[in-house]
Amino acid sequence: MSETVGATRWGDGPFWGVGAEWNPDWLLTDRHRRWRDTLIELCEQEMRANAERSDDELKFPRRNLELLGEHGFLALTVPEEYGGMGGDHTAFALACETIARYGCASTAMCYTMHITAVQAIMLRPTPELVERYIRPLNSGTIGTLSYSDPRTGGHFWYPISSGAERVNGDYRVRKQSSWTTSGGFADFYVIQTTSPDFTGYHDLSVFVVDSDVVRAQPSLWDALGMRGNQSGGVEIIQTLVPADQLVGPVGDGAESNDEVVDPWFLLGSSSVWNGIAMGAIDIAKRHTTRKVHEDTGLRVCDYPTIQDYVGEAVIDTNAARLAAYSLAGALDGATEGNRRVLSPGDTARAEYLHWCWQLKFTAAKNVTGVVDRMLHACGGTGYRRDLGLERYLRDGKAGWVMGPSNEVLRQFVGRSVLLGMDSVDYWNQTVNERVVTNETRKMDAAAKRALAEKLLAEAQAQEGMSS
Ligand SMILES: Cc1cc2nc3c(=O)[nH]c(=O)nc-3n(C[C@H](O)[C@H](O)[C@H](O)COP(=O)(O)OP(=O)(O)OC[C@H]3O[C@@H](n4cnc5c(N)ncnc54)[C@H](O)[C@@H]3O)c2cc1C
């Protein structure tokens, strides 16, 4: 095994971080590798330096996204006939990982949300949607997903603070979001609302709206990490949205979630966490191989403890990367390399949703431990801002808490393993009779009578509403 064959370049010299022989490149095509080379070049020339400014000044990474647009990456996954690069899920995972590792994690997260928004539109492409939102991508337009609702927290698929009604063939839409990456900076926003003639929280619809109808206050954004990604709250107040900006049929929201939003977002964001983990190990390698303790004559990397830290971090991160590329390959297989157009009712990516949950849990759990261990490996120098490691540490901490949070995901997985897939109960509608029976058993007769009266009154009101 040679360290120089296929070595990563960094400007005029070799890359100073973990060697290319630790990349699972057998899972990539030549085209993927060429795209990665271009991205690394952009990171070296400008994006990594811009990351520092974004972090220091809470500055949206517009220049980095412009650079991605100038090189076609804003339309990476769009078919060539619509002006895109025709990339697949593997290309997307690779791009998100590469931008986060070598360049800027905030940019990588904006990019994840951008491509996921693009894919949400491309699930049901119409000539109008393609002309308006897809073809202009190469001119640098940026999209995002505005899903998380202030009233349901990280259960971002549950949009209580939203609504849509029919108005002369168009729709009047309202929406409140607690978090939106690129909020106030994106050109278009893919949103999910309850449907017109709403029948319950499985009945959701997807719209794409332009920035001029979106209210945002980016000046309020401040956070531990991912500071450039500007994920503040946004609001759309009773806006008339033309019918051709409805994506898919009315009621397509749950299918859109399972078929595109979750798979693309979970694959992209997991790849960002993997990129941050590798980026932190890169910095630790550079520092520990250069710093010498003159009393012992040893470099920091010569201590077996430090080798153990790095060894475990690479092994764990590469397990998460293999999971990401394996899942990307499965999604490519299910969609003919992202070329298959699905009609409502067809599923492809949704069959892998439970694998997407596992991937996100693994990647987010891994990064949070790796950044801590790399800080320990670099000592006090790692704690100082000038090494650049502490930004990776802060950015990486977003993984665990980002919806679906790791608490939610491990419960989804455990619950579906034990009780079956249908038990996940996204919209809080399945009654847990065992809990109800157990709780009411604790009540005395008076408490039971009081509860029964309350429930009877509620049942009567419900019946009155439905008659
Ligand atoms: C950097 C960043 C960028 C983001 N970008 C976007 C974006 O572009 N678009 C978007 O729509 N959203 C975005 N989000 C929002 C994100 O997806 C979540 O909605 C948000 O992080 C939830 O925060 P919260 O305070 O409401 O958490 P809460 O949901 O209130 O969670 C608080 C705690 O409760 C736990 N918890 C919640 N539900 C359960 C449960 N059922 N079982 C067990 N424990 C539970 C959580 O795990 C957590 O520990 C972003 C978030 C971050 C951090």
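The values are calculated or read from the model by the stated rules, or taken from the named source; none is laboratory data. Not measured: the values here are computed from a predicted model. With ideal geometry, Cβ positions are generated from the backbone for all residues, glycine too; neighbour counts draw on all protein chains shown.
What the table shows:
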{"item": "Subset of segment 219-228 that is at pLDDT 95 or above and out of contact with any strand residue (DSSP E or B) (no Cβ under 6 Å at 6 or more places or on another chain) - its residue that is nearest to the ligand (Cβ to nearest atom)", "result": "Met226"}
{"item": "Enumeration of residues in segment 404-430 that are within 16 Å of the ligand (Cβ to nearest atom) and not in a helix (DSSP H, G or I)", "result": "Pro404, Ser405, Asp425, Tyr426, Trp427, Asn428, Gln429, Thr430"}
{"item": "Residue within segment 332-355 that is over 22 Å from the mean Cα position of the chain (by Cα) and crowded, with 24+ Cβ neighbours inside 10 Å present", "result": "no"}
{"item": "Sole residue being within 29 Å of Thr107 (Cβ to Cβ), more than 10 Å from the ligand (Cβ to nearest atom) and free of Cβ contacts under 8 Å to residues at least 40 places away in the same chain, chosen from Asp149, Asp212, Asp187", "result": "Asp212"}
{"item": "Entirely in segment 1-91, the helices (runs of 4 or more DSSP H) that have 1 or more residues that are of a type outside the set (Phe, Trp, Tyr), in contact with a Cys (Cβ under 8 Å, 6 or more places away or on another chain) and in contact (Cβ under 8 Å) with a residue 12 or more places away in the chain", "result": "48-57, 62-70"}
{"item": "Matching option when the condition is in contact with a Gly (Cβ under 9 Å, 6 or more places away or on another chain), part of a helix (DSSP H, G or I) and either at pLDDT 95 or above or surrounded by fewer than 13 Cβ atoms within 10 Å (Cβ to Cβ) (or both), among Asp316, Asp308", "result": "Asp316"}
{"item": "Any hit, segment 96-108, residues being in contact with a His (Cβ under 6 Å, 6 or more places away or on another chain) and either buried (at least 24 other Cβ atoms within 10 Å of the Cβ) or in a loop (DSSP other than H, G, I, E, B) (or both)", "result": "no"}
{"item": "Top-ranked residue in segment 143-154 [being under 29 Å from Ala75 (Cα atoms) and either among the hydroxyl-bearing types (Ser, Thr, Tyr) or buried (at least 19 other Cβ atoms within 10 Å of the Cβ) (or both); ranked as farthest from the chain's Cα centre (by Cα)]", "result": "Asp149"}
{"item": "Qualifying residue in segment 124-143 (condition: modelled with pLDDT under 95, of a type in the set (Val, Ile, Thr) and under 28 Å from Tyr201 (Cβ atoms))", "result": "no"}
{"item": "Matching entry among Ala277, Ala284, Ala254, Ala243 (being among the small types (Gly, Ala, Ser) and closer than 28 Å to Gly69 by Cβ)", "result": "Ala277"}
{"item": "Matching entry among Arg394, Arg385, Arg434 (being surrounded by 11 or more Cβ atoms within 10 Å (Cβ to Cβ) and away from the ligand (no atom under 16 Å from the Cβ))", "result": "Arg385"}
{"item": "Top-ranked residue of segment 152-170 - restricted to ones that are in contact (Cβ under 8 Å) with a residue 40 or more places away in the chain and over 20 Å from Glu255 (Cα atoms), ranked as farthest from the ligand (Cβ to nearest atom)", "result": "Gly169"}
{"item": "Residue among Ala95, Ala91 that alone is within 14 Å of the chain's Cα centre (by Cα) and within 30 Å of Asn23 (Cβ to Cβ)", "result": "Ala95"}
{"item": "Residues being assigned to a loop (DSSP other than H, G, I, E, B) and not polar (S, T, N, Q) - total across segment 319-344", "result": "7"}
{"item": "Cβ pairs under 7 Å, 6+ apart, first in segment 396-414 and within 16 Å of Ser106 (Cα to Cα), second within 8 Å of the ligand (Cβ to nearest atom)", "result": "Lys397/Gly225; Ala398/Gly225; Ala398/Met226; Trp400/Asn406"}
{"item": "Conditions (1) within 10 Å of the ligand (Cβ to nearest atom); (2) acidic (Asp, Glu); (3) surrounded by fewer than 18 Cβ atoms within 10 Å (Cβ to Cβ): number failed by Glu131", "result": "(1)"}
{"item": "Yes/no for Val292 being without any contact (Cβ under 8 Å) to a residue 24 or more places away in the chain and among the hydrophobic types (A, V, I, L, M, F, W, C)", "result": "yes"}
{"item": "For Asn318: the one exception among (1) over 22 Å from the mean Cα position of the chain (by Cα); (2) not assigned by TED's automatic domain parsing to the domain that holds Tyr158", "result": "(1)"}
{"item": "Set Val367, Val371, Val401: member being surrounded by fewer than 16 Cβ atoms within 10 Å (Cβ to Cβ) and either under 24 Å from Met226 (Cβ atoms) or within 16 Å of the ligand (Cβ to nearest atom) (or both)", "result": "Val401"}
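To keep it simple, each residue is scored yes or no on (1) surrounded by 10 or more Cβ atoms within 10 Å (Cβ to Cβ); (2) outside any loop (DSSP other than H, G, I, E, B); (3) not aliphatic (A, V, I, L, M).
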position: Met443; (1), (2), (3): yes, no, no
position: Ala446; (1), (2), (3): no, yes, no
position: Leu455; (1), (2), (3): yes, yes, no
position: Gln460; (1), (2), (3): yes, yes, yes
